[in-house]
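A short write-up of the structure that comes next.
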Amino acid sequence: IRRWTADWQLQFFVLFAYLISSIPILAVQLHRQFLPQPTRYKVEMELALAPVLVFAARYLFEKAPTALRVVLVFLLLALGAEQIVVHRQIAKTYLKPADATATIEYRVSTWAEQNLKGVRVMMPGSIAQWANTFTDVHQFSGGPWSEATNRVQQLALYGIYNGGSTPERDSAVSLAWLKAFGVGAIAVVGPQSEEFWKPFAHPTKFDRVLPVLWNSSGVTIFRIPLRTSSLAHVLPRSVLPSRAPADVGDVSPMDRYIAALDDPSLPLAEFQWEGRNRMHIRTTVSPEQILSIQVSYSPGWQAMVGGQKRELMRDKLGLMWLDPMCSGTCDVELEYDGGWELRICRWISLLATVGLFMAVVLQGRLATFRTLQTRSGEDSQAEM
């Protein structure tokens, strides 16, 4: 680049465009990626290429005859004005004032928070994306799929949206996934609802199958019959799924696990969130029983029983379980500290901040040193 041009501005924009463009180009041409959803970086690629074209064309523009430059300026202004009008029309659509409390996303979320306290709720589509902006309702899936750490949980989400070719099969598969992940209620959107994506293949699959809790504007909230809304369960270890489901319709590995969740002979477990990063469980456990926790496994979770650390393990659904190693009343504390990965990231962030500060300081001192050297050289020449 330096052999090609001495313009530092053009050098910078060429390098910037090279870096940003490599993300989608590698994904499309070489089928390699090092960032989630790399093809979406085409917008950033366009942003990076525009300054390159402008600064590279500057030399040709300066050498062109005056008449040609005038024509080009008017042509570019006309094209730019047309684009600005289109963008402005889109902006007006997106930015017009609206009453958030009148939206279906707000109404469903606030109703669930007020009437389903302590219950994990399955919100669909745009309702799920906005629910925790308005409320603290506990969701089954409320974030972008690209950020989900549990692959089976995402498989379950697809199975709940479309679990089979018929409403009957879809309903049976969906209920298996919902129970396995401790979901106590589900909001289903119909084709006439205000929800944006309308993801259900068979919106009527739960009609006359589940009790209705709320119905308005094409959205119905159904109650899922569970023995308990707790996300912690005392179970025999033998009922944990022996393998991960192969696809959305492969729910047979969960049969024994789901049946055990409804077994009245097993003790119940009190489960409580204490903020976003702490869970408290209180129950009664026999030596041969384990504790299944319907929260996605992460190495950042740490478990303590009676002040002693216990190893958390991942089951075939990507959820957590542990052997509390206690007999009788058992108190379990779980805390998320991020694990070694988050600690390393914090150190990298700290070192980068310190390095940036030192670079600024050293650059200032280097500039001062060069100034003094220049003055010293000028003084020496003056004396000579």
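Taking the listed residues Y18, Y41, Y94, the one that is surrounded by 16 or more Cβ atoms within 10 Å (Cβ to Cβ) and free of Cβ contacts under 8 Å to residues at least 24 places away in the same chain is Y41, with no other qualifying. Residue pairs whose Cβ atoms lie under 6 Å apart, separated by 6 or more positions or on different chains, with the first residue in segment 132-144 and more than 21 Å from M279 (Cα to Cα) and the second assigned to a helix (DSSP H, G or I), are F134/Y106; F134/S109. When restricted to residues that are open to solvent by less than 70 Å² (accessible area, probe 1.4 Å) and not aliphatic (A, V, I, L, M), segment 68-83 contains 1.
Would you please name the residue that is surrounded by the most Cβ atoms within 10 Å (Cβ to Cβ), looking only at residues in segment 197-222 that are polar (S, T, N, Q) and not in a loop (DSSP other than H, G, I, E, B)? Filtering segment 197-222 for residues that are polar (S, T, N, Q) and not in a loop (DSSP other than H, G, I, E, B), the one surrounded by the most Cβ atoms within 10 Å (Cβ to Cβ) comes out as T220. Out of all the residues in segment 98-118, is one or more aromatic (F, W, Y), farther than 30 Å from F13 by Cα and either open to solvent by less than 30 Å² (accessible area, probe 1.4 Å) or out of contact with any helix residue (DSSP H, G or I) (no Cβ under 8 Å at 6 or more places or on another chain) (or both)? Yes: one or more hits. Would you tally the residues in segment 307-355 being open to solvent by 70 Å² or more (accessible area, probe 1.4 Å), of a type in the set (F, W, Y) and part of a strand (DSSP E or B)? Matching residues across segment 307-355 total 1.
Going by what's in this entry, would L49 be described as surrounded by 10 or more Cβ atoms within 10 Å (Cβ to Cβ), in a helix (DSSP H, G or I) and touching a helix residue (DSSP H, G or I) at 6+ places or on another chain (Cβ under 6 Å)? Don't jump to the end; show me each part of the working.
Numbers: surrounded by 10 or more Cβ atoms within 10 Å (Cβ to Cβ): yes; in a helix (DSSP H, G or I): yes; touching a helix residue (DSSP H, G or I) at 6+ places or on another chain (Cβ under 6 Å): yes.
Taking the combined requirement at face value, the residue satisfies it.
Could you please find all residues in segment 56-67 being in a helix (DSSP H, G or I), of a type in the set (A, V, I, L, M) and surrounded by 11 or more Cβ atoms within 10 Å (Cβ to Cβ)? Across segment 56-67, the qualifying residues are A56, A57.
Examine segment 90-106 for a residue that is closer than 30 Å to I221 by Cβ and touching a Ser or Thr at 6+ places or on another chain (Cβ under 7 Å), and state whether such a residue exists. Checking segment 90-106: at least one residue is closer than 30 Å to I221 by Cβ and touching a Ser or Thr at 6+ places or on another chain (Cβ under 7 Å). So which residues in segment 21-38 are in a helix (DSSP H, G or I) and open to solvent by less than 50 Å² (accessible area, probe 1.4 Å), if there are any at all? S21, S22, I23, P24, A27, P38, listed by residue number. The single condition among (1) modelled with pLDDT of 95 or more; (2) part of a loop (DSSP other than H, G, I, E, B); (3) surrounded by fewer than 19 Cβ atoms within 10 Å (Cβ to Cβ) that H280 does not satisfy is (2). Screening the candidates L266, L261 for the property of being in contact with a helix residue (DSSP H, G or I) (Cβ under 9 Å, 6 or more places away or on another chain), modelled with pLDDT of 95 or more, open to solvent by less than 40 Å² (accessible area, probe 1.4 Å) and over 19 Å from V121 (Cα atoms) yields one hit, L266.
Test K179 against the stated conditions and say whether it is in a loop (DSSP other than H, G, I, E, B) and open to solvent by 40 Å² or more (accessible area, probe 1.4 Å). Step through it out loud before you land on a result.
Working: in a loop (DSSP other than H, G, I, E, B): no; open to solvent by 40 Å² or more (accessible area, probe 1.4 Å): yes.
For K179, the condition - in a loop (DSSP other than H, G, I, E, B) and open to solvent by 40 Å² or more (accessible area, probe 1.4 Å) - is not met.
For segment 256-270, the criterion of being under 31 Å from the mean Cα position of the chain (by Cα), assigned to a loop (DSSP other than H, G, I, E, B) and not hydroxyl-bearing (S, T, Y) is satisfied by no residue at all. Annotation note: Cβ proximity below 8 Å between a residue of segment 287-308 that is closer than 23 Å to R120 by Cβ and a residue that is among the hydroxyl-bearing types (S, T, Y) (sequence gap 6+ or interchain) occurs for L291/T283; S292/Y257; S296/T149; S298/T149; S298/Y336; G300/Y336; W301/Y336; Q302/Y336.
Checking each residue in segment 131-144 for being open to solvent by 20 Å² or more (accessible area, probe 1.4 Å), out of contact with any strand residue (DSSP E or B) (no Cβ under 9 Å at 6 or more places or on another chain) and either within 21 Å of L261 (Cα to Cα) or not in a helix (DSSP H, G or I) (or both) picks out D136, G142, G143, P144.
Just one of the listed residues (E147, E194, E168) is closer than 20 Å to D255 by Cβ, open to solvent by 20 Å² or more (accessible area, probe 1.4 Å), touching a residue at least 24 places away in the same chain (Cβ under 8 Å) and of a type in the set (D, E), and it is E168. Can you find a residue that is open to solvent by 80 Å² or more (accessible area, probe 1.4 Å) and within 27 Å of A148 (Cβ to Cβ) anywhere in segment 4-15? Taking every residue of segment 4-15 in turn, none turns out to be open to solvent by 80 Å² or more (accessible area, probe 1.4 Å) and within 27 Å of A148 (Cβ to Cβ).
The values are calculated or read from the model by the stated rules, or taken from the named source; none is laboratory data. Predicted, not measured: the structure shown is a model, and the values here were computed from it. Cβ coordinates were reconstructed from backbone atoms using ideal geometry, including for glycine residues, and neighbour counts include every protein chain displayed. Ligands, DNA and RNA are excluded from the accessible area calculation, which covers all protein heavy atoms including side chains. Shrake-Rupley method; radii C 1.70, N 1.55, O 1.52, S 1.80 Å.
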